[in-house]
Amino acid sequence: MKATFRWLLTAALVSLAVLLLLLSKPYWMRHLGKQTGAINQQNSQTAANTALNWSDSFGDGTPDFLRLTNPADQAAFRRWFTLIAEYQAIRPRSELPAEIIDCASLLRFSYREALKRHNDSWLLATRIEIAAPPGEIRAWHYPDTPLGAALFRVRPGSFEPVDATNGAFAQFADAKTLVELNAYPVSRDVRDAQPGDLLFYRQFGQSSPWHSMIVAEAGLQARVVYHTGPDHGSPGELRRVLLSELLDFPQPQWRPVAQNPNFLGVYRWNILRGTP
């Protein structure tokens with residue numbers, strides 16, 4: 001009797017263990033499915049990164065996979081960049097994004113937003129009203145790159161793959177860093193500027209000597225957009241003026257002419273450099 005009882009108890013425990021295992025199978029399948037999905041996603045990202053061009057053709061610190069080599073992409077970036085910057089200058093101050101407090105922050109905001117997907121969610125979030133949206137950039141969209149949200153080069157030197165994770169890129173960059181590490185000189189003649197190009201100045205003797213302006217339009221109706229920056233307790237303001245007004249500006253140190261030693265010249269974003 002005792003042997004029979006032990007046999008029945010053992011059989012019951014084995015049956016219970018099998019039952020519990022069967023009941024837990026969906027969980028393990030789901031868990032395995034999640035792991036498999038994560039592995040597949042990681043493998044896809046690895047394959048995508050491997051396919052990217054991690055070289056730096058110009059040695060300017062910008063990886064070639066960030067450059068917009070397609071003329072249509074370059075044109076789309078220029079239109080979005082200038083449109084976004086100009087919109088900030090004409091919207092009520094109460095609606096201005098809180099991050100725009102000086103010339104460099106205007107550049108960073110317009111640059112970053114120009115590289116995003118401009119879908120309904122983006123329009124709702126930015127509250128930008130556009131009658132005829134420019135075409136979309138096809139090469140890539142912020143922040144979906146191996147650099148993630150770290151969009152601006154902040155350390156000198158040519159690009160190396162390790163720079164993607166060693167802090168060589170960041171979300172923030174001041175005006176000096178933007179001009180020295182994220183853009184390149186085009187000309188000291190403002191007539192060579194295209195929409196989306198930048199005018200840079202260095203005003204000696206100021207606590208914040210580096211200043212920038214965005215060329216919003218070229219040609220006969222050429223105009224620029226810029227933020228004056230904080231000044232003696234004032235938060236400053238955004239301005240949208242004709243280039244002709246700037247050429248005759250009362251303070252000569254702000255005139256974009258080659259004879260002005262404070263004018264560094266016309267600059268262009270590294271991502272518009274294309275290929276050599």
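A short reminder: the numbers here are calculations on the coordinates, not readings from a lab. Everything numeric in this text was worked out from a predicted model, so none of it was measured. FYI the Cβ positions are ideal-geometry reconstructions off the backbone, even for glycines, and counts take in every protein chain you see.
Remark: the residue 98-residue 79 segment gains 4.5 nm on full extension, using 0.36 nm per residue and subtracting the alpha carbon distance. Across the range 64-272, counting alpha-carbon atoms alone, Rg and Dmax equal 16.7, 48 Å.
Pairs of Cα atoms nearer than 8 Å and 6+ residues apart set the relative contact order; for the range 131-276 it is 22 percent. Look at 67, 239, 191 and count the other Cβ atoms within 10 Å of each Cβ; fewest to most, that gives 191, 239, 67. Modelled spin labels at residue 234 and residue 119, positioned 7 Å past Cα toward Cβ, are 4.3 nm from each other. I want to check the label-to-label distance for residue 162 and residue 131. Put each point 7 Å from Cα in the C-beta direction and report it in nm to one decimal. Those two pseudo-labels are separated by 5.4 nm. Computed extension length for residue 188-residue 90: 32.4 nm, one decimal, from 0.36 nm per residue of separation with the Cα-Cα distance subtracted.
Cβ-to-Cβ counts within 10 Å put 224, 266 in ascending order as 266, 224, the fewest first. If R0 is 25 Å, the Cβ-Cβ spacing of residue 155 and residue 248 corresponds to a FRET efficiency of close to 0.05. Each Cα pair under 8 Å and six or more residues apart adds its separation to the average, and for the range 153-219 the resulting relative contact order is 26 percent. If R0 is taken as 25 Å, the Cβ-Cβ distance between residue 203 and residue 52 corresponds to a FRET efficiency of 0.05.
For residue 151, the residues whose modelled amide H falls within less than 5 Å of its own, excluding neighbours fewer than 5 places apart on the same chain, are 170, 171.
Each of the peptides 131-139, 114-122, 90-98 was scored by the mean count of other Cβ atoms within 10 Å over its residues; in descending order, highest first, they stand as 114-122, 131-139, 90-98.
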